[in-house]
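Derivation of every value follows stated rules applied to the coordinates shown; laboratory data play no part. Treat the numbers as computed from the prediction; the structure is a model and nothing was measured. Please note: Cβ atoms are built from the backbone with ideal geometry, for glycine as well, and neighbour counts cover all protein chains shown.
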Amino acid sequence: MHLDPFSGSGRSLQFISMSPAMSQREDDPILECRFQKGVKHLCESGITSLPSRYILPVSERPNLRGGGMNVSDLNFKLPIIDFAQLQGPQRPQVLNKLSKACEEYGFFQVTNHGIPGDVIQSMIDVSKRFFDLPFEERSKYMSTDMRAPVRYGTSFNQKKDGVFCWRDFLKLVCHPPSDVLPYWPTSPADLREAAVTYSQQAKFLYMKLVEAVLESLGLLVGTTMHADEENADNAALKEFEDGSQLMVVNCYPSCPQPDLTLGMPPHSDYGFLTLLLQDEVEGLQIQNCQGKWLNVEPLPNSLVVNVGDHLEIFSNGRYKSVLHRVLVNSSKSRISVASLHSFPFDRVVRPSPKLVNEANPRRYKDTDFATFLAYVSSCEPKRKNFLESRKLP
Ligand SMILES: O=C(O)CCC(=O)C(=O)O
Ligand SMILES: [Fe+2]
């Protein structure tokens, strides 16, 4: 799994015991070297069938017919939160809806979010153009250093994954901007500007959503005449303002045999909230409480938002960080940009004391980034098992 604070790495991977995956690790160093260069590079070499390195064991493949856990429900629609309404007189009703969405699905879509269309379009465009650059240009940013401010790579953890995922990525640490920006790619020439503009807009929206989430959990007083209550609210929000932000640009090229592989395996996100921007190609699925995979149809001009492990812990289990995965397809490539937000790295994450009482005892141990790193180096992470390891008996 990737050891990133959040991204494909910080997120729990599924690799099932016995590692049928591992047995498929390529022994041919030339082929292996090709796979390490990523799926975009592999496609450019003109493959027509899926190399075994990407073929999942039958039970983990998408779209199995005949019932069972992998059948998707085509009629499913994710709850929609109208951000403009959230900021207006309808706020209490919208907060109710938000709270239900976080409890039931761990996911919702945000419309009327206020991020200008051209900012979004530029972010998607420049992402596509980045992945269209020659491999030599993209590969300048390949790094195994989990703390690098910019990292280009493939799969989840390309050093460890037994079966590779059909995904290449560019990870951009966004905070603090003055420290990280000088390391971001210089090509395409407009990448830095487009990405920094989008990341700032995403952060602004994230802060508004954090306010809403805290209010929905009864942790913010909201409108108040009392200066001390207002100060307490501001102090609570300040921590979030100083928090971490990582943008992961995901590229899923069209795939010759999409039924045999995944763009991303089932995982939950490590942070507090993820804001996901996707192009018009579908692929994202979330797992409901019956284990059924549900398609998230891209809704034009909207963003998908999901609860991460830290919010599940912080809310003492009331809001759920839900497993999700990405399917690929044979005709279209897909781009998504996940903006992953959480507390500062050195912060201990624990259930909010106000959500713990006799009737609702503490459900999670304290955790921090160091605990997370120790955990992933001591065992093989899969699905949501890091979060499981933080649960109190
Ligand atoms: O590409 C997507 O739709 C989902 C990406 C994702 O889950 C992630 O980056 O954590
Ligand atoms: Fe994710």
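Specify whether the C-alpha gyration tensor of segment 184-323 places it in the rounded, prolate or oblate class, a ≥ b ≥ c being the square roots of the eigenvalues: rounded for a/c under 1.5, otherwise prolate if a/b is larger than b/c and oblate if not. Oblate, since a/c reaches 1.5 and b/c is not below a/b. Of all stretches in the chain that contain no GluC sites (Glu not before Pro) in a DSSP loop with at most 14 other Cβ atoms within 10 Å, the longest one is 1-279.
For the pair Asn360 and Leu299, the difference between a 0.36 nm per residue extended length and the Cα-Cα distance amounts to 18.3 nm.
For the chain, the longest principal axis of the alpha carbon atoms and the long axis of helix 91-104 meet at an angle near 40°. Straight Cα distances below 19 angstrom link Lys140 to the lysines Lys37, Lys40, Lys128, Lys159, Lys171, with same-chain residues fewer than 8 positions distant left out.
Extension gain for Ser178 to Ala236 (0.36 nm times residue separation, less C-alpha to C-alpha distance): 18.4 nm. Note on the chain: with a GNM built from Cα contacts shorter than 10 Å, the maximum mean-square fluctuation among Tyr270, Tyr319, Tyr364 falls on Tyr364.
Angle of helix 369-378 to the longest C-alpha principal axis of the chain, folded into 0 to 90 degrees and rounded to 10: 40°.
Helix content alone sets the calculated 222 nm mean residue ellipticity of the chain: runs of n ≥ 4 DSSP H residues at -39500 (n - 2.57) each, divided across all residues, give -9000 deg cm²/dmol. Sites listed here are trypsin sites (Lys or Arg not before Pro) in segment 315-379 whose DSSP assignment is loop and whose Cβ has at most 16 other Cβ atoms within 10 Å: Lys332, Arg347, Arg362, Lys365. Shape call for segment 61-195 from the C-alpha gyration tensor, a ≥ b ≥ c root eigenvalues: rounded (a/c under 1.5), prolate (a/b greater than b/c) or oblate? Note, shape of segment 61-195 comes out oblate.
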